[in-house]
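Student: Could you have a look at this structure, given as structure tokens, before my questions?
The values are calculated or read from the model by the stated rules, or taken from the named source; none is laboratory data. All values derive from a computational prediction rather than experimental measurement. Using ideal geometry, Cβ is built from the backbone for each residue, glycine included, and neighbour counts are taken over all protein chains shown.
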Amino acid sequence: MDEAGSRTRKTKKEKKITAKMQIKLLVVFCVFLAALIGLIARVVYISNQDKYKKGALELRSYVTSEIPCKRGDILDRNGNILATGEIVYNLILDPKVALDRTAYTEASLTALETVYGFDDAYLRNILATRSDSSYVILKKELTYSEKSAFTDHVASLGKEGNNVKGIWFEEGYKRVYPYRTLASHVIGFTDADGEGSYGIEQYYNDVLKGTNGRNYGYYDGTLNIVDTVKEPVDGDTCVSTIDANIQRIIESYTDRFLNEYGAENLGVIVMDANSGEIFGMQSNYSYDLNEPRNMSRLYTPEQLALMSDEQQAAALYDMWRNFCVSDAYEPGSIYKPFTVAAALEEACITKDSMWDCDGGEDFPGDVRIKCSNKKGHGHISLVQSIMYSCNDALMQVARIEGRDIFANYQKKFCIGSTTGIDLPGEAAGQSFSVSELNETELATSSFGQGFTATMVQMASAFCSLINGGTYYEPHIVRRIQSSDGTTVKKNEPVVVGKTISESTGAFLKDSLYLTVSGGTGTGAKINGYLIGGKTGTSQKLPRDAEKYLVSFLGFVEGEEMDVVIYIVVDECHDSAKASRCATAMSLFTDIAEDILPYLRLYPEGEINYKLKSVDEKQTVTDPSNTIYDPAYDEGEVNVISR
Amino acid sequence: MSFQDENPQQNEEVKTAEAPKRRRSYRTYDYGLLILTLFLVGLGLVFLYSTSSYTATQKFGNAAFYLKRQGNYALIGIIAMLIISHIDYKIYIAKLTVFRIRAVYVLYALCIFLQVIVLFVGEEIYGAKRWIEIPKIGSFQPSEVTKICIIVFTAFIAYTAPKKMNRIGGFIRAGVYMAPLILLVAKEDLSTSVVLLGIFFIICFVTSRKTWYFIAMALLACGAVAAYIFLGEGFRGERIEGWLNVDTASAGYQIRRGLYAISSGGLTGKGLGESSMKLGYVPESHNDMIFSIICEELGIVGAICIILLFVLLIWRIYTVAINASDLFGSLLCIGVMAHIGIQAVMNIAVVTNTIPATGIALPFISYGGTSLVLLLCEIGMVLSVSYHIKNVD
């Protein structure tokens, strides 16, 4: 080192930096200094640019987004899930992000095309037309596996997958009905907006709906982003009074009946006489709640193709309508016990009073209203008038009652006014006002013609006859509980009023038992059970069209509960069955036999039961074998001739 | 670091006080510069870890991946710096004992060789061949060596004939020597060639007695560069687009993200390690764009501190240049000073979108092994110059 240094020194004579060079170097230094100070100013300037601050925040912040809440479940009385929400995913494209870099656009589009088979031109058109948007829904209601197909694909791309940007999945809920068709008219369905239509879904929409949460960031005064999450509030769960097993039994028999014979309308209600809780309710064919617009159960594709849009819409409304609640009809002879109840209660007649039936009554204006038995029942007791469904005797009872008492009791039994059941679209029916109840109207009303009522009205009123006179408001939802299971509201049985006294009730129950054991209702006998009930055959308007609505309103008393089962067959398509209330009774026995043990109402002499029940079933389902007296059936028809 | 070392004026006093002793004193070794350099390197590693840990975890599953590599290079660089600082800098222009060739010629030839080699075997990154892949060690950037070569060779030419520099012909003669180096670099990496040109230009400017020639030439050069940029083909045009419309152009997206980062830091920043833009939002956040993350984490205050550190470093080298025992030492220091100054200014100017985007790293702080080692070697040269400052004439 020294050697080299000395050599240089020798040749160059200690050349040193000159004063001029030093000044110039100082200039260079000052230029650097100035440049760096200038850059400090530049940094300060950029720091105060709000647009860049916002840009940074926007990169990390999100547009206000909704966090979906879960619509409340609908359970049956045993906790079976009738309706619930399933997590689904919407595929969202954020064109703004996807267009940020060419590499992002290409990678994202390729991924979408390979996984979901999108058309390239279609996606590019979306990017071009909605480049300012951050939210374009590409696909709706993807399942978890469909969603993970995409995420797995992106993961498999490795490093390249990092360029897939601007595609994300939005969580949502889809309404699912695990039992598909079960209790469809009671449950109802939800439309695309998540609003309930028909049934519990509609009636309890506000309870079930819940409140969507929100996730939003906003800038405060100092341009800090403030994150706020408003948690979603899940909808409450409705626990129904419906029992899925009972409902399933009912539907298996109604479906079989409709398949074999068909009817304009078919309705079944099974309810607890001591609380107004409805165990099962069925009207006509069920429809698939998961596809409420699918009418393939009712119509063939050829039939559907022939229908106009209006016809299709009408058919849909028809399919969705709950006959048990929304349709009023003339109930017919099953109203007779109510007429008798009113007269007994007001002491117009006594239990021992006797009646003469000559086959009809004459009314002013040359009108004769015939009895079921045109030859007349002769001299009969009050019990017999119910047993044999004597119109003549009932017309006389009603005449003694008078219109005030009759109308008053109709009101007490909620005939002609809504029962307040927690289902939408309840019809009130039409009954005569006091002033309208002239002699003829009073006479026809006494045996259930001339006014209209719904199935729910009749079944609920009948419950009060059975349980000793307490009218319970019928209901279909027992309890409302929050999503974590705590009870929010309990629908205790609501007593609307007192209809009749215990003793009147006891007399009527006896009469109804006798009706089944030896009157018009023998077809409803079930071995091992004490069944009470009343048949009804009403001739529909216009009377000469010879269209009939047959019904059976029966009950079974047990230690724990009294069950009321109501069957209505409106215009059976099988002409042999259409006018005979045996049609309704055979349905009753089929259903009751299966349901009663389930409700812990066991037949007496259980060992014999099974063998005999096989016998019984054969006899009931075989139309050629008549275990009931056809004369009663014939006589049920109420002919009003002018 | 003793008090005396801090200031050359103080050295004068020491010098007179210790006149009877040997002329060469250990106290002239510029510990201030050494400490300042080590501090910058240390700070650089801290920032590098902060900015690279997210990317490193994403890419390699190891947050310290970049830190470890850069740390190794820093260690190599510091050892090299300490060794070089104890080697007499005049040896670079002395004839080698074996071949009787000056070392600087060997370096020149080596640079030309490497630059040619890189055009053929270079690894293409971002559409340019700038790196040579060396198995097991990593990629190596020959243009960094060229920077040292430019410094030493220009200093050598100016030293051997400072009077020639006074005439335009002398300058052109020097330029002819440098042209192959600069043009070879310019072919693949325009911005680095601008740095090389800048170093060469500043050394010439200081040496020459003429001033206006250089100012005219500087303007001409700026015009030429501008013309090249604006009329240049391919991605250069895009870069200009990105610079002019930084808020909207897709080419300006990297810089735009950098600006977002700078502005979200505010006065005092979010705190070390708290940057959110480094989480994949600012590309090259540990590399060319590291300054923007420093701004985000340490705010305006931190940015000013970093810039002041560079000012201090340049000033330290300036004082060594002024006090060097001979002209060659001074010119070496000027070259190093020019190199660090130009790179710092260019990098920060790019990050703040003051000039169009270039690929210039922030000295000592940005990730890059070759750059760090060779910068430390340069500092070693300056320390060597300071070591040989004579106390008495």
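Student: Testing B:Val301 on (1) touching a residue at least 40 places away in the same chain (Cβ under 8 Å); (2) more than 10 Å from chain A (Cβ to nearest Cβ), one condition comes back false. Which one is that?
Tutor: (1)
Student: Of all residues in region B:183-199, count the ones that are crowded, with 20+ Cβ neighbours inside 10 Å and without any contact (Cβ under 8 Å) to a residue 60 or more places away in the chain.
Tutor: Residues flagged as crowded, with 20+ Cβ neighbours inside 10 Å and without any contact (Cβ under 8 Å) to a residue 60 or more places away in the chain within region B:183-199 amount to 3.
Student: For B:Val345, state whether it is free of Cβ contacts under 8 Å to residues at least 12 places away in the same chain and within 25 Å of B:Ile148 (Cβ to Cβ).
Tutor: Judged against the criteria, B:Val345 is a match.
Student: Now for a different question. Only one of (1) modelled with pLDDT of 85 or more; (2) at the interface with another protein chain (Cβ under 8 Å from one of its Cβ atoms); (3) out of contact with any Gly (no Cβ under 9 Å at 6 or more places or on another chain) is not met by A:Leu36, so which one is it?
Tutor: (3)
Student: Further question on the same structure: Of the conditions (1) more than 14 Å from chain A (Cβ to nearest Cβ); (2) assigned to a helix (DSSP H, G or I), B:His286 fails just one. Which one is it?
Tutor: (2)
Student: State yes or no: is A:Gly519 assigned by TED's automatic domain parsing to the domain that holds A:Val268 and closer than 22 Å to A:Leu601 by Cβ?
Tutor: No.
Student: Step by step: first the residues of region A:39-61, then only those that are in contact (Cβ under 8 Å) with a residue 40 or more places away in the chain and within 7 Å of chain B (Cβ to nearest Cβ), then the one that is surrounded by the fewest Cβ atoms within 10 Å (Cβ to Cβ). Which residue is that?
Tutor: Result: A:Arg60.
Student: Next question. Could you list all residues from region A:89-104 that are under 17 Å from A:Asn162 (Cβ atoms) and surrounded by fewer than 21 Cβ atoms within 10 Å (Cβ to Cβ)?
Tutor: Correct list: A:Asp94, A:Val97, A:Leu99, A:Asp100, A:Arg101, A:Thr102, A:Ala103, A:Tyr104.
Student: Also, quick follow-up: Got a sec? Which strands (runs of 3 or more DSSP E) wholly within region A:358-431 have at least 1 residues that are within 43 Å of the chain's Cα centre (by Cα) and in the same structural domain as A:Gly469 (by TED's automatic domain parsing)?
Tutor: Hits in region A:358-431: A:367-370.
Student: Can you find even one residue in region A:122-133 that is within 14 Å of another protein chain (Cβ to nearest Cβ), over 30 Å from A:Gln481 (Cα atoms) and among the hydroxyl-bearing types (Ser, Thr, Tyr)?
Tutor: The answer is yes; a qualifying residue exists.
Student: In region B:270-281, which residue that is at the interface with another protein chain (Cβ under 10 Å from one of its Cβ atoms) and more than 14 Å from B:Leu48 (Cα to Cα) is surrounded by the most Cβ atoms within 10 Å (Cβ to Cβ)?
Tutor: B:Met277
Student: Please go through region A:81-105 and pick out each residue that is over 22 Å from A:Lys147 (Cα atoms) and part of a strand (DSSP E or B).
Tutor: Answer for region A:81-105, where residues must be over 22 Å from A:Lys147 (Cα atoms) and part of a strand (DSSP E or B): A:Ile81, A:Leu82, A:Ala83.
Student: I would also like to ask the following. Can you tell me how many residues within region A:120-167 are under 25 Å from A:Gly85 (Cβ atoms) and exposed (fewer than 11 other Cβ atoms within 10 Å of the Cβ)?
Tutor: Counting residues in region A:120-167 that are under 25 Å from A:Gly85 (Cβ atoms) and exposed (fewer than 11 other Cβ atoms within 10 Å of the Cβ) gives 2.
Student: If you don't mind, another one. Does region A:334-352 include one or more residues that are modelled with pLDDT under 85, among the acidic types (Asp, Glu) and surrounded by fewer than 16 Cβ atoms within 10 Å (Cβ to Cβ)?
Tutor: Scanning region A:334-352, I find no residue that is modelled with pLDDT under 85, among the acidic types (Asp, Glu) and surrounded by fewer than 16 Cβ atoms within 10 Å (Cβ to Cβ), so the answer is no.
Student: What do you reckon, is B:Ile322 of a type in the set (Val, Ile, Thr), surrounded by fewer than 24 Cβ atoms within 10 Å (Cβ to Cβ) and more than 7 Å from chain A (Cβ to nearest Cβ)?
Tutor: So B:Ile322 fails the test.
Student: Within region B:348-389, how many residues turn out to be away from chain A (no Cβ under 11 Å), of a type in the set (Gly, Ala, Ser) and over 20 Å from B:Thr319 (Cα atoms)?
Tutor: Total satisfying the criteria: 7.
Student: Contact list please: Cβ distance under 6 Å, first residue in region A:299-321 and assigned to a helix (DSSP H, G or I), second residue among the aromatic types (Phe, Trp, Tyr) and at pLDDT 90 or above, pairs at least six apart or on different chains.
Tutor: Pairs found: A:Met319/A:Tyr287; A:Trp320/A:Tyr198.
Student: Can B:Ala56 be described as touching a Ser or Thr at 6+ places or on another chain (Cβ under 6 Å), surrounded by 15 or more Cβ atoms within 10 Å (Cβ to Cβ) and at pLDDT below 90?
Tutor: Spelling it out, it is not the case that B:Ala56 is touching a Ser or Thr at 6+ places or on another chain (Cβ under 6 Å), surrounded by 15 or more Cβ atoms within 10 Å (Cβ to Cβ) and at pLDDT below 90.
Student: Quick one: which helices (runs of 4 or more DSSP H) sit completely within region B:130-220 and have at least 1 residues that are at pLDDT below 85 and of a type in the set (Lys, Arg)?
Tutor: B:168-188
Student: Any idea which residue in region A:472-497 is surrounded by the fewest Cβ atoms within 10 Å (Cβ to Cβ), counting only those that are of a type outside the set (A, V, I, L, M), under 25 Å from the mean Cα position of the chain (by Cα) and assigned to a strand (DSSP E or B)?
Tutor: Here the residue is A:Lys490.
Student: Could you please find all residues in region B:74-115 being more than 12 Å from every other protein chain (Cβ to nearest Cβ), at negative phi and without any contact (Cβ under 8 Å) to a residue 12 or more places away in the chain?
Tutor: Result: B:Leu75, B:Ile79, B:Val98, B:Phe99, B:Ile101, B:Tyr105, B:Val106, B:Ala109, B:Phe113.
Student: Out of B:Phe310, B:Phe328, which single residue is farther than 28 Å from A:Ala41 by Cβ, among the aromatic types (Phe, Trp, Tyr), assigned by TED's automatic domain parsing to the domain that holds B:Phe364 and touching a residue at least 12 places away in the same chain (Cβ under 8 Å)?
Tutor: Result: B:Phe328 is the single residue among B:Phe310, B:Phe328 that is farther than 28 Å from A:Ala41 by Cβ, among the aromatic types (Phe, Trp, Tyr), assigned by TED's automatic domain parsing to the domain that holds B:Phe364 and touching a residue at least 12 places away in the same chain (Cβ under 8 Å).
Student: Name the residue, out of B:Val373, B:Val385, B:Val320, B:Val336, that is touching a residue at least 24 places away in the same chain (Cβ under 8 Å) and more than 27 Å from A:Ile23 (Cβ to Cβ).
Tutor: B:Val373
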